[in-house]
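Below is one structure, written out as structure tokens, with a few remarks after it.
The values are calculated or read from the model by the stated rules, or taken from the named source; none is laboratory data. Just so it is clear, the structure is predicted and the values come from calculations on it, not from any experiment. FYI the Cβ positions are ideal-geometry reconstructions off the backbone, even for glycines, and counts take in every protein chain you see.
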Amino acid sequence: SAVISQKPSRDICQRGTSLTIQCQVDSQVTMMFWYRQQPGQSLTLIATANQGSEATYESGFVIDKFPISRPNLTFSTLTVSNMSPEDSSIYLCSVGKGDGETQYFGPGTRLLVL
Amino acid sequence: GENVEQHPSTLSVQEGDSAVIKCTYSDSASNYFPWYKQELGKRPQLIIDIRSNVGEKKDQRIAVTLNKTAKHFSLHITETQPEDSAVYFCAALDTGRRALTFGSGTRLQVQP
């Protein structure tokens, strides 16, 4: 598996502001992903964080709202921009190990937007 | 893209009974099917996975079966214990995006 950490673990933010979430892995990984999990719901993929190139976004998610950085093979950030209460959710990073298919999740960032 | 359906949404069993959760997927090219367990307030934990070249995989009280022709796979938990209570998610790998598509989840409650 992998040791994955996320910062912050939780935050309460005012609408209109932005929050950057960090994801750090203890070893180099090829694949890193960002998911959103709304209360009581399943996991929805936001984007694949590509090292050295722009992230690949899923339908319904755009770079202006969720800019992502991946400066190296162990670190990525997700920014939630111009937040509204609808952005209140848990944001999780995951990493692909081995063949890249087996995914392990970080502990998540619980975000509340007032 | 891939679409994964999961049933039931909730499942209540008595301690010691078996529990079965079923998923169907749409993309016949999918070849990797993991199952995650998520306890309240915790991250999803990978508990077992299966690849398309096998029909069944077992790990102690947990087993997963795969029927590629019918495009469905199931999680079987035997001799359930209260600590098995959690939300379980199935997923299928979208080979095009190399990303997982998750089912809607099953809340399993094991009654002592």
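When restricted to residues that are under 13 Å from the mean Cα position of the chain (by Cα) and touching a residue at least 40 places away in the same chain (Cβ under 8 Å), the range B:48-83 contains 6. Among the residues of the range B:4-21, is there at least one that is within 13 Å of another protein chain (Cβ to nearest Cβ) and in contact with an Asp or Glu (Cβ under 7 Å, 6 or more places away or on another chain)? No.
I'd like to check something: does the range A:17-29 contain any residue that is of a type outside the set (D, E, K, R), within 11 Å of chain B (Cβ to nearest Cβ), in a strand (DSSP E or B) and crowded, with 17+ Cβ neighbours inside 10 Å? No: the range A:17-29 contains no residue that is of a type outside the set (D, E, K, R), within 11 Å of chain B (Cβ to nearest Cβ), in a strand (DSSP E or B) and crowded, with 17+ Cβ neighbours inside 10 Å. Go through the range A:45-55 and count every residue that is of a type in the set (S, T, Y) and buried (at least 16 other Cβ atoms within 10 Å of the Cβ). Going through the range A:45-55 one residue at a time, the tally reaches 1. For the condition under 23 Å from A:K97 (Cβ atoms) and in contact with a Gly (Cβ under 9 Å, 6 or more places away or on another chain), B:L66 qualifies. Of everything in the range A:59-97 that is under 19 Å from B:G1 (Cβ atoms) and surrounded by fewer than 16 Cβ atoms within 10 Å (Cβ to Cβ), the residue that is farthest from the other protein chains (Cβ to nearest Cβ) is A:V62. The set of residues in the range A:62-114 that are farther than 17 Å from A:C13 by Cα and in a loop (DSSP other than H, G, I, E, B) comprises A:V62, A:I63, A:D64, A:P67, A:L73, A:T74, A:G98, A:D99, A:G100, A:E101, A:G106, A:P107.
For the range B:40-56, taking the residues that are more than 12 Å from chain A (Cβ to nearest Cβ) and in a loop (DSSP other than H, G, I, E, B), the one that is modelled with the highest pLDDT is identified as B:G55. Considering A:S5, A:S1, the condition of being outside any loop (DSSP other than H, G, I, E, B) and within 14 Å of chain B (Cβ to nearest Cβ) is satisfied by A:S5 alone.
Among the residues here, A:T56 qualifies as closer than 29 Å to B:F33 by Cβ and within 12 Å of chain B (Cβ to nearest Cβ).
The conditions are (1) part of a strand (DSSP E or B); (2) closer than 25 Å to B:A92 by Cα, and A:G40 fails exactly one of them. Which is it? Going through (1) part of a strand (DSSP E or B); (2) closer than 25 Å to B:A92 by Cα one by one, A:G40 breaks only (1).
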